[in-house]
1. When residues of region 17-55 are filtered for being of a type in the set (S, T, N, Q) and surrounded by 23 or more Cβ atoms within 10 Å (Cβ to Cβ), how many remain?
2. Any idea which of ARG284, ARG317, ARG324 is part of a helix (DSSP H, G or I), touching a helix residue (DSSP H, G or I) at 6+ places or on another chain (Cβ under 6 Å) and surrounded by fewer than 22 Cβ atoms within 10 Å (Cβ to Cβ)?
3. So is VAL68 closer than 20 Å to LYS17 by Cα, surrounded by 22 or more Cβ atoms within 10 Å (Cβ to Cβ) and hydrophobic (A, V, I, L, M, F, W, C) or not?
4. Check region 336-347 and report whether any residue there is touching a Lys or Arg at 6+ places or on another chain (Cβ under 8 Å), buried (at least 22 other Cβ atoms within 10 Å of the Cβ) and part of a strand (DSSP E or B).
5. Suppose we filter region 196-219 for residues that are closer than 14 Å to THR244 by Cα and within 18 Å of the chain's Cα centre (by Cα); how many remain?
6. Return the pairs, sorted by first residue and then second, in which the second residue is hydroxyl-bearing (Ser, Thr, Tyr), the first residue lies in region 64-84 and is under 19 Å from PHE120 (Cβ atoms), the beta carbons are less than 7 Å apart, and the residues are 6+ apart or on different chains.
7. Which residue pairs have Cβ atoms closer than 9 Å, lie 6 or more positions apart in sequence or on different chains, and pair a first residue in region 423-450 that is within 22 Å of ALA321 (Cβ to Cβ) with a second residue that is aromatic (Phe, Trp, Tyr)?
Amino acid sequence: MRVVLADLKGTEGLVTKDTVAGGYGSRFVPFSLTTHWFCHVKRSYVQIPSVQMAYLAAICARNGHEVVWTRSEVADGDVALVLSSLVDYRRETAWAEAARARGMRVGFVGLACSKLPELFLEHADFVVAGEPEEAIRELAEGRKLSGLVLGKPVADLDTLPFPRWDLVGNWSDRLQQISLGSLHPRRRFPLLASRSCPEFCTYCPHRILTEYRVRSVENVVEELSALTARWPNAFVIFRDPLFTKDRRRCLTLCSEIVRSGLRIEFECETRLDHLDAELLFAMRRAGLRIISFGVESISSQTLRKVARRPVPEAHQRHIVAECRRLGIRTAAFYVFGFLEDDWESIAATINYAIDLGSTSAQFKILTPYPGTPLWKQLGPVVYEKDWQRFDGFTPTFRHPKLEPDELRFLLGAAYARFYLRPSFLKNLWRIRHRALVGLVDKLDQRVSEAIREKEISLVSRAVTC
């Protein structure tokens, strides 16, 4: 059997899929010079093949089937598996219709088709709702899948074959990518050391498909060994939402990476209250170069309202400073539009994002994703009817204090105020020379004043608290 794996590339704005937003994906359509620049730069290191599809490639190949991967063209085959998203579902269903017209049976996998199967069923022969590996294993063993198929969670993640990156993606040297952690081009591979998330944030879709499970340290190290044996220059992206949940396990993993002589570099995402100086040192020694974390809002009260445990500000500053000392770049995430937010609170969060001193920052607009507790809470005030606009950057519900245009303006102001500062480049390039640091601080003040005047000219008020 010839299996076509369709990991389709979005065409409008900066589109990321796979495990982004739990699998719903995101789409950032730039609307200013700063956001155009941000999307252009970020596109150079976020466009990586899907780890979900790489697992399915391994399952199909292990059962003796030919695997073909595509990002756009409708390749010939017997069956096609399409990675679903919310932000690009119309393109995905159109591709499925074209594939069926050529005689292929088509199925959808992923979070989007699991939670909103009605968007995909009429365009496919089957839709897998839930984790897809067990259902696709049955398909590879000869079962004919039809209609809505329940995907059973993988009980033991160590039993899965390692992702087949030789079958998924184009790894020619000219398509190697830079990363925030290194200006040297290198191949970037996502890796899942766990699935789901143990936290209970009401707005987060990472935990709504299955329960939290982890792989053994030995299994993760074995995958890393196989990966680096074939691609010695690999940069690994751990896609776990909470990589350091188990401190002892993380320390053991770092120790095993060093003991095994694996010369890797990697990035991960976690919570700042699951980090300390000793753990950071061990992770840096094992190859950590970038760490991402959610700050979301400066207001502890706002965070508690969405069941997110606040991290003390002093600890946030300590960890970011420790990362800077160790040469680990940091990426902080922020969300605008919580129900308690107003102009002043978002302005305060923007100011804090700048003052915290992370290497980079990402700002998004609160989105009530289907299947989350927030969706149930905000359902009556959701006005957006186009599912593709549930993209993480577009207002979708009636906010009690802010108009959609105000939220978008504040979003643009955040990117301008963070990335137009000369000190952004100072942090990125790790400039420490005292005279240069003093000059950068003075230039920051001038840039801030220029942005303030521009904001007043546009909306008659500055983004200040």
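The values are calculated or read from the model by the stated rules, or taken from the named source; none is laboratory data. Predicted model only: the values in this text are computed from it and were never measured. Here the Cβ positions follow ideal geometry from the backbone for every residue, glycine too, while neighbour counts run over all protein chains shown.
1. The number of residues fulfilling the criteria is 3.
2. ARG284
3. So VAL68 fails the test.
4. Scanning region 336-347 turns up at least one residue that is touching a Lys or Arg at 6+ places or on another chain (Cβ under 8 Å), buried (at least 22 other Cβ atoms within 10 Å of the Cβ) and part of a strand (DSSP E or B).
5. The qualifying residues number 5.
6. LEU83/SER50
7. Pairs found: PHE424/PHE418.
Rundown of residues vs (1) modelled with pLDDT under 95; (2) part of a helix (DSSP H, G or I); (3) in contact with a helix residue (DSSP H, G or I) (Cβ under 8 Å, 6 or more places away or on another chain); (4) of a type in the set (Phe, Trp, Tyr), yes/no style:
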residue	(1), (2), (3), (4)
VAL4	no, no, yes, no
LEU8	no, no, yes, no
THR11	yes, no, yes, no
ALA21	no, yes, yes, no
TYR45	yes, yes, no, yes
MET53	no, yes, no, no
ALA61	no, yes, no, no
ALA75	yes, no, no, no
